[in-house]
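Below is one structure, written out as structure tokens; the observations come after it.
No value in this document is a laboratory result; all are computed from the given coordinates. Computed from a predicted model, the values in this text were never measured in an experiment. In this analysis, Cβ positions are derived from the backbone assuming ideal geometry, glycine residues included, and neighbour counts consider all displayed protein chains.
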Amino acid sequence: MPRAMINVPQSVPRGTVFEIKTLVSHPMETGFRPDESGRLRPRDIIHTFVCTYNGEEVFRAELFPALAANPFLSFTAVATESGALAFHWTDDHGATHTETARITVT
Amino acid sequence: MRRLALALALMALPAAADDRRSGFDYMGPDTQAMQRDDTANPGMLWVRDGEALWTRAEDGRSCADCHGAVDGMRGVAARYPVFDDAPLSLEQRINRCRTKHQGAAPLAYETQELLALTAVVAHQSRGLPAAPDPDPRLDAVRAEGERLFRQRQGQLDLACSQCHDENAGKRLAGNPIPQAHPTGYPLYRLEWQGMGSLQRRLRNCQGAVRAEPYAYGSAELVALEAYLMARARGMPLETPAVRP
Amino acid sequence: MTELTRRSLLAAGTALLLVRPAHATPQAMAEAIRAFAGGAAKAQPGRVTLDLPALVENGNSAPLTVAVDSPMTPDSFVRRIAVFNEKNPQPNVAVFHLTPRSGRAVVSTRMRLADSQTIVAVAELSDGTFWSASAEVIVTLAACLEG
């Protein structure tokens, strides 16, 4: 179970733009590193990140092996209404890890 | 007598201006910013894991069952290594608790779980000055650690002190040589792309001078930890630090 | 073996020559940019700022921030921002998809750098135009090709 940290302000005035910061534990194995015997370790990365705001997609990122391990992503969104922000990370095995955060729009 | 003199020397406050610097000061501004921001510091992922492990029961008993909330660990890591019936690093103490009080198997060094537990405990002491355990039985351990610190080793025949005492602040192929104060461990090292213990770092250095690294948990590494933390007395803990 | 050899060279104080097998090249990066920009369109310099440190202590992780000057309204917004490199094993770094709900076109992340190189960011606007910015980065310790 990967560990993820989400940083979102708890309460934001309507119409303002707020920052969302995310951090998730993942080695982002590139597929270009050899192991001790010289064989390449197979690629194993998170390739897609999606953020939805009350179910509507507001941000998506396609990630490649050039992203650093334990990927950090910071982006913004407009505070439209109170509700749930959802964050989905999908990896090369097809598994998706989801976190949610509540936001109050005043 | 020599032990006493050493103990007094180590216990005495430095009279001259303190020109000790954390490895933090030698880093570029971006890496410093990464350490300062808890929402961007990857080491905090291990602290969060540690918070969860702290309350997870092993064979019916969690750390919290004896120790209460983890913030009660404030000040603990600042004293380590300590002397129980033997010199103990924080990792060894955690493993003792697991085997003696939780009926759990010890965790190997550098496993994600042990790093997480060490990180969350040491994180409670962030900002507090390193305050080595005053138990006099540690004097001989620190003296041994200092001896190892000053001893030439490896094919490159270098002692730790030659780089970290005599040449700290100068550059080695583009990167500054820090003074080697281990106040941020366990820490997130960009070179490792992950979290690691002080013992891992010490073993890396030994490999770098082409010496056979001491085994994890060995008396030599615990002695070095004890010496280095006494040498860093008074400097604030930074766990989880970030280093290049 | 490679790491010990490198470190012993470093300790001896000699300048280090890193010999790299050919992976991505500036041409591969140009190809990837063309593919992103849909072949026909050309990316013009401007509107995009790409922030990377000029000197990176460890190529395993370099912070980057890309921003595009755009009102981010439904009539005028940034659809995608792509980041490319010229010397890592392959030229793509990330593609960010934004919407008018993003509010601002600013994204930060951390990337790997196999060597000192040029990084390019290309933004696709809702009006179909493409804009770009580039940054030069020097790496003192390389990432991907270690080991």
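Other chains' Cβ within 10 Å of B:201-209 residues: what's the mean? It would help to have the intermediate numbers written out before the result.
Values: counts 0, 0, 0, 2, 1, 0, 3, 7, 4.
Going residue by residue through B:201-209 and averaging, the value is 2.
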Helical mean residue ellipticity (222 nm; -39500 (n - 2.57) per DSSP H run of 4+; nearest 500) of the protein assembly as shown = -7000 deg cm²/dmol
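When ranked by the protection proxy of mean other Cβ atoms within 10 Å per residue, highest first, what sequence do the peptides B:88-100, C:83-95, B:128-140 form?
Values: B:88-100: 19.0, C:83-95: 23.8, B:128-140: 17.0.
The peptides rank, most packed first, as C:83-95, B:88-100, B:128-140.
Report the full-extension gain for the segment B:Q151 to B:R21: residue separation times 0.36 nm, less the Cα-Cα distance, to one decimal in nm.
On the way: separation 130, 0.36 × 130 = 46.80 nm, distance 2.28 nm.
Additional length available on full extension: 44.5 nm.
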Where a Cα-Cα gap under 25 Å defines reach, which lysines qualify for C:K87, not counting those fewer than 8 residues away within the same chain?
-> C:K42
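Suppose every K and R has +1 on its Cβ and every D and E has -1 on its Cβ; what is the size of the dipole of the stretch B:28-103 about the Cα centre, in Debye to the nearest 20?
220 debye
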Considering the dipole of the protein assembly as shown built from charges on the beta carbon (Lys and Arg +1, Asp and Glu -1) around the Cα centre, which of B:G184, A:A69, B:G50 is farthest to its positive end?
-> B:G184
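Please state the charge dipole magnitude for the protein assembly as shown, taken about the Cα centre, from unit charges on C-beta atoms (+1 on K and R, -1 on D and E), reported in debye and rounded to the nearest 20.
On the way: 52 positive and 54 negative charges, 133 e Å.
The calculated dipole for the protein assembly as shown is roughly 640 debye.
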Once amide hydrogens are built 1.01 Å from N within the peptide plane, the residues lying 5 or more places from C:L64 or on another chain with amide H under 5 Å from its amide H are C:T109, C:R110, C:M111
Of all DSSP beta bridges in the stretch C:23-139, what percent run antiparallel (nearest 5)?
-> 85 percent
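Counting only other residues whose beta carbon sits under 14 Å from that of B:M195, what net charge do I get with K and R as +1, D and E as -1? Let's see the in-between values first.
Values: positive: A:R3, B:R48, B:R189, B:R200, B:R201, B:R243; negative: B:D49, B:E91, B:E110, B:E113, B:E191, B:E238.
Charge balance in the 14 Å sphere: 0.
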Suppose every K and R has +1 on its Cβ and every D and E has -1 on its Cβ; what is the size of the dipole of the stretch C:23-139 about the Cα centre, in Debye to the nearest 20?
-> 260 debye
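Could you work out the mean count of beta carbons from other protein chains within 10 Å of each residue's beta carbon in A:22-29? The partial results should precede the final answer.
Working: counts 3, 10, 2, 8, 1, 2, 2, 1.
Mean shielding by partner chains, rounded to a whole number: 4.
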Value of D in µm² per second that Stokes-Einstein yields for chain A, Kirkwood Rh from Cα pairs, at 20 °C (1.002 mPa s) = 144 µm²/s
Per-residue HN-Hα couplings for the stretch C:29-36, Karplus 6.51 cos²θ - 1.76 cosθ + 1.60 at θ = phi - 60°, whole Hz, x for Gly and Pro?
-> 5, 4, 4, 5, 5, 4, 4, 5
How high is the relative contact order of the stretch C:24-147, in percent, with contacts defined as C-alpha pairs under 8 Å that are six or more residues apart?
-> 34 percent
Read phi for every residue in the stretch B:167-182 and hand back ³J(HN,Hα) as whole Hz from Karplus 6.51 cos²θ - 1.76 cosθ + 1.60, θ = phi - 60°, with x for Gly and Pro.
-> 10, 5, x, 7, 9, 10, 6, x, 10, x, 8, x, 7, 6, 9, x
Leading residue at positive end of dipole, the protein assembly as shown (Cβ point charges), from A:V17, C:V66, B:A119 | B:A119
From other protein chains only, count the Cβ atoms within 10 Å of every residue's Cβ in B:35-43, then give the mean.
-> 5
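Roughly what % antiparallel, to the nearest 5, for the DSSP beta bridges in chain B? Numbers along the way, then the final one.
Numbers: 10 of 13 bridges.
So the antiparallel bridges in chain B amount to around 75 percent.
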Positive minus negative residues near A:F18 (Lys, Arg vs Asp, Glu; Cβ under 15 Å) = +3
Counting only residues 5 or more apart in sequence or on a different chain, those whose built amide H sits under 5 Å from that of C:A105 are C:V68, C:S70
Per-residue ³J(HN,Hα) for the stretch C:89-99, Karplus 6.51 cos²θ - 1.76 cosθ + 1.60, θ = phi - 60°, Hz, x for Gly and Pro = x, 9, x, 8, 10, 6, 10, 9, 10, 10, 9
Calculate the length of the line joining the C-alpha centroid of the stretch C:65-81 to that of the stretch B:88-141, in whole Å.
-> 49 Å
Which far-off residues, 5 or more places away or on another chain, put their amide H under 5 Å from the one on B:L158, with H placed in the peptide plane?
-> B:Q153
Lys/Arg Cβ at +1, Asp/Glu Cβ at -1, dipole of the protein assembly as shown taken about the Cα centre: which of C:V139, B:V209, B:A33 is farthest positive-ward?
-> B:V209
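In terms of the Cα gyration tensor, with a ≥ b ≥ c the square roots of its eigenvalues, is the stretch C:23-139 rounded because a/c is under 1.5, prolate because a/b exceeds b/c, or oblate?
Details: a/c = 2.34, a/b = 1.47, b/c = 1.60.
It is oblate, given that a/c is not under 1.5 and a/b is not larger than b/c.
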